[in-house]
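Taking it in order: structure first as structure tokens, then the write-up.
Derivation of every value follows stated rules applied to the coordinates shown; laboratory data play no part. This one's a predicted model, so the numbers in the text were calculated from it and none came from an experiment. Every residue, glycine as well, gets a Cβ built from its backbone with ideal geometry; the counts of neighbours run over all protein chains shown.
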Amino acid sequence: MRGNQAPLLTRIFSTDTGTTASTSTQENATQIVSNLQNQTTRTGTHDNQQVHRNKKKEKRFNEARNKRRKLIGLAKAMDHGQPGIVTYQLPRHSETKDYLAASGLPDRTRPFTVLGIESSCDDTGAAVVRSDGVILGEALASQGDIHEQWGGVVPGLARDAHEDAIDRIVDLAVERAGFSSIQEIDAIGVTIGPGLEICLRVGATKARELAQTFQKPFVGVHHLEAHILMARLPLEEASPSTATTNNFVFPATDLVHETVRTMQFPFLALLVSGGHCQIMKCLDIGKYSIIGGTLDDSLGEAYDKVARLLGLPVGGGGGPAVEALAKQGDPTAVPLPIPLRNRKDCDFSFAGLKTAVRRAAEKICDTEMDGNLEDLLTDQDKANIAASFQNVAIKHIEQRLERAMKMVEQEEQEQGGSKIRSLAVVGGVAANQELRARLETLCERCSSSQDNDDDEEDRWKMFVPPPRLCTDQGSMSAWAAIERIMVGSTDDPTSRDVYARYPFSLEHEAK
Ligand code: KG4
Ligand code: ZN
């Protein structure tokens, strides 16, 4: 990604996609300027009109380039929390406007089924989920092996792998769900952003073709909302093995649907993935208020970079390998600073911690040579570094989250309104057992610090999807589409848009 990595080796959706775009834009600019110069030399004239036209053309180009540059890293800039100021909304929904059922709705008085497709990064996922939360069938093609040798996700290779896998994965999910044709499924949902644009396009094109061919309602899913909403999936039903035997079927009225959700709005969410690290107040479907975000790297990115430093497998994300190695290490062995310790807000920063990890590793090896630290460190050194990094990274999360929880409580005391005592922990890193355990303890600690800690209503409860549903897969698109359909919102499948950056509220800027 950055630093020692070649620019192509990109895992992050926002900044790196932007950097790639900017590089090619720069090349184009150089090309245009050189073409303009050639033209002038060839004619050998000083045709004022032509020079003037060229200048105007160059000015327009530069303006467009500068405008585009402003978008670089926007998703991360948007991560930066501004308490109480910004409310993020899905496109086409505002305070004054109802949701649009742009491609119709299935019959919501009985359970309906949705095919969900996900291809935003390096996993091709598809699943059929029933409106009561039962995952009927799912299939996933991970590209870990393909990207392993590059040390990160290579967008072009990822796109090719999605293209190779998409038909097979969709067919497999449909077959596993017990359907013989997509005609039997009631609606289709697909991730349309944020993510790697060329990868998003593979899934989005497939889903839109299917929706149009079979005349099904279509939902373009926001990837971050999909991660968040997984915390509302009825948990018992999260395993395909229970789907065939369970009889958890009921009329899908709005009321029943809301009450059987694992957690109700409003709630607090910690979203920790490869591309994002945010704390949000989740107010309703499509309505999120960001109260903390990352100033630089995401937590998943930090795990991936530490994995690379230690020479661990990073193909499908380095987090699981760091977590596994950390179990063998001493979390207090390597002193590392807790980021933003004295900053009184809910933002995150992991770039300094990553550098501190590298420095600590260099110190252990007594060398400042780049690159081959992994060969110089003993296995126990590596385990200690992994454990110490994980310990401090999670401490940072705990501190920021505790502040957010206190903020929410204080706001409620000062302004009244709905009580928030539910915490959703979502995104790929939420699969991490140490993080799950420590945040569970944090919820207990914050509950017992309440005056009336006997009151069940005042206790903080944590909701986290099963690990396999924390990382990217097809069920998240299907379930997010179900949630959108239940509030009466679907999209037009004839649009071709996908969004590399997809801030919740900036429909006009994202285009
Ligand atoms: O949500 P996700 O699958 O993709 C994005 O939307 O980014 O998250 C992937 C990230 C990767 O950075 C990966 O290393 C991290 O989640 N991750 C983990 C674990 N499993 C996945 N990090 C720490 N511990 C884990 N067990
Ligand atoms: Zn994700």
Kirkwood-type radius of region 287-463, with distances r between different C-alpha atoms, in Å: 17.5
For residue 338 and residue 145, what is the calculated FRET efficiency with R₀ set at 41 Å and r taken between the beta-carbons, to the nearest 0.05? 0.70
Given the peptides 220-229, 380-389, 489-498, 424-433, arrange them by the average over their residues of other C-beta atoms within 10 Å, most packed first. 220-229, 424-433, 380-389, 489-498
The size of the Cβ-based charge dipole (Lys, Arg +1; Asp, Glu -1) of region 286-390 about the Cα centre, to the nearest 20 debye, is 480
Two-site FRET efficiency, residue 284 against residue 183, from Cβ-Cβ distance with R₀ of 30 Å, rounded to 0.05: 0.35
Pair-distance profile P(r), taking every C-alpha pair of region 107-189, with 5 angstrom steps and integer %: 3, 16, 24, 19, 14, 11, 8, 4, 2, 0, 0
If you bin the C-alpha pair distances of region 295-384 every 10 Å from 0, what whole percents do you get? 17, 49, 29, 5
What pairs in 281/344; 395/419; 327/354; 216/287; 287/395 have C-alpha atoms more than 24 Å from each other? 395/419; 216/287; 287/395
Spin-label model distance (nm) - residue 419 vs residue 109, 7 Å beyond Cα toward Cβ: 3.7
